[in-house]
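The structure appears right after this line, and notes come after that.
Only the coordinates and a few stated rules stand behind these numbers; no lab work does. Everything numeric in this text was worked out from a predicted model, so none of it was measured. Neighbour counts run over all protein chains shown; Cβ positions are idealised from the backbone, glycine included.
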Amino acid sequence: MRFRILWVSLLITTFAIILYSLVSTQIFYNLSVKNSESALSVYMNAFDGEKYAPDDEGARAFSLALDGARVTILDGEGNVLGESEADSIETDHSDREEVREAIKSGEGFAVRSSDTLNKNMVYYCRAVQTDGGTILIRIAQFCESEWAMYAQLLPSFAAYMVFDVLGCLLFTYVATYFIMRPVEALTREAATGGRVQTGYSELKSLAEILNERNRDIELKVSELEEERKLVERAQNSKDEFIANITHEMNTPLTSIKGYAELLSSDLLDEEHKKQAYNTIVSQADRLTNLIACIINYSEIDSDDLPSYEVNLTEAAREMIAVLSPEAEQKGVKFIDETQDDVIIMSRHERVNQLLGNLMRNAVRYNREGGTVTVRLNFSRLEIEDTGVGIAPENMDKVFSRFFTVDKSHSGKNGGFGLGLAVCKKICTRSGWRISVESELGKGSKFTVDFGLR
Ligand code: ADP
């Protein structure tokens, strides 16, 4: 960039100097011609018709009086009568510009290269009245041509040009240093990735663009970082999911295999054989149940079926009716505090899963003689029990897959720790918020907030 500025300024100044030298030479030349013309016209006043005869002699005498200026004396038609220069041979000068002018208007000027003398000359011709009639007196003076003048001035111009080039180099170097300084400072700031600032109005829009780009880059980097974490988390959670499934399957499979081996060994009596058959069947059911739960859990993610209006009140009351026999067996009572006709946008199967999992847990983890209160209005659903409650350290975990507080009881009641995970997934996909409040030994309250939708 610096070199480019240098070259451009050098080119401009060189061009300017050449142009200036040509123009100034032309001006000098014009001035010099003008001066010559005035001088000749003054000289001409010295002509005296009585003193200088209209012949070569007279012309030479007048020339001598004029310090050697060339003098030509012509008759009224432009024919040469006398000439101060010995080598002049032409006799008819009527075609000369200055002569024509003088014949026409009394005087005339011309500048040209003399054919006779081969020099650039300024001519002045004037008509003079003598006793012998009108004669024309022409005085000519040597004058440098433009190019000759230019050639004479050239060394001065060249010296000037050298100084100018040196000055230009110095000036451009200093100027570019000051011009480039803020740009370089801006570049350095931009390279650090921080916010770029400048006091120069010309660079403000560049600084804004750089800041915008930096912001975009930062945003993209944090998005990529976020994505990377998500992918990592998804991978971890996938691994954990597979490990959990394997673990959950292993227990019934080991049991089935053990009892099957016992049966084939023929060591069991009839009663124990029956027990073994029953265990095999119940463990096989548990496996089937686990697989159904996993499939159901995975299906929610790919469930893109459209939502429709669901009467949540009806669904909740039906679920209370379904679970009442199981609750009665445990001495647990349902308290229905649902508002009539609460309609939400969802799907029946999802709503039933949500209600079923929450209510079944409220019964299952309740105490003898406890209650399950179901509250429902347009903004929220609450299922509150008077059961065992959840320890504070487990509150965040209950919605995780395969989480069960009492591992030894995992699966005993058909629970694999997937029920609340399913509830969480349904709520997240529906735009609802599910939360839990609980006190150990006193009970739990699960709330689904529809308001965040
Ligand atoms: P599970 O099928 O084992 O019940 P969930 O995902 O439904 O799986 O529940 C996870 C764990 O959260 C349960 O094992 C239980 O310990 C605890 N939990 C769920 N609901 C309640 C509740 N109403 N009261 C006390 N603990 C509960």
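Numerical summary
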read-out	value
Cα gyration tensor shape for the stretch 49-104, rounded if a/c is under 1.5, else prolate or oblate	prolate
Sparse-neighbour loop sites [GluC sites (Glu not before Pro); the stretch 352-399; at most 12 other C-beta within 10 Å; DSSP]	Glu368
Rounded to the nearest 20 debye, dipole of the chain from Cβ charges on Lys, Arg, Asp, Glu	2800 debye
Mean residue ellipticity (222 nm) of the chain, computed from DSSP H runs ≥ 4 via -39,500 (n - 2.57), nearest 500	-20000 deg cm²/dmol
Dipole magnitude (debye, nearest 20) for the stretch 2-148, charges at Cβ of Lys, Arg, Asp, Glu	1240 debye
About the Cα centre, charge dipole magnitude for the stretch 38-99 (Lys/Arg +1, Asp/Glu -1 at Cβ), debye	320 debye
Selection from Ser222, Thr279, Asn236 lying farthest towards where the dipole of the stretch 220-281 points positive, charges on Cβ	Ser222
In Hz, Karplus ³J(HN,Hα) per residue of the stretch 423-438 (6.51, -1.76, 1.60; θ = phi - 60°; x = Gly, Pro)	4, 4, 5, 4, 5, 4, 5, 8, x, 9, 10, 10, 8, 9, 10, 7
For the stretch 414-431 and the stretch 341-371, distance of Cα centres in Å	12 Å
Alpha-carbon centroids, the stretch 1-55 and the stretch 146-190: separation in whole Å	27 Å
Dimensionless Rg ratio for the stretch 305-449, taking C-alpha atoms and the 2.2 N^0.38 Å reference	0.99
Viscosity 0.890 mPa s, temperature 25 °C, Stokes-Einstein D of the chain from Kirkwood C-alpha radius, µm²/s	72 µm²/s
Loop trypsin sites (Lys or Arg not before Pro), the stretch 193-272 (other Cβ atoms within 10 Å of the site Cβ: 14 or fewer; DSSP)	Arg195
Cut-off of 10 Å, at most 15 other beta carbons, DSSP loop: longest stretch of the chain lacking such chymotrypsin sites (Phe, Trp or Tyr not before Pro)	1-199
Positive-end extreme of charge dipole, the stretch 1-126 - chosen from Val8, Ala39, Ser114 (charges on Cβ)	Val8
Cα centroid separation - the stretch 264-299 against the stretch 205-226, whole Å	59 Å
Farthest positive-ward along the chain dipole, Cα basis, beta-carbon charges - from Val405, Ser105, Leu19	Val405
Derived scalar couplings ³J(HN,Hα) [the stretch 47-56; Karplus, 6.51 cos²θ - 1.76 cosθ + 1.60; whole Hz; x for Gly, Pro]	6, 10, x, 7, 7, 10, 6, x, 8, 4
Rg/Rh for the stretch 25-138, where both radii come from Cα atoms and Rh is the Kirkwood radius	0.95
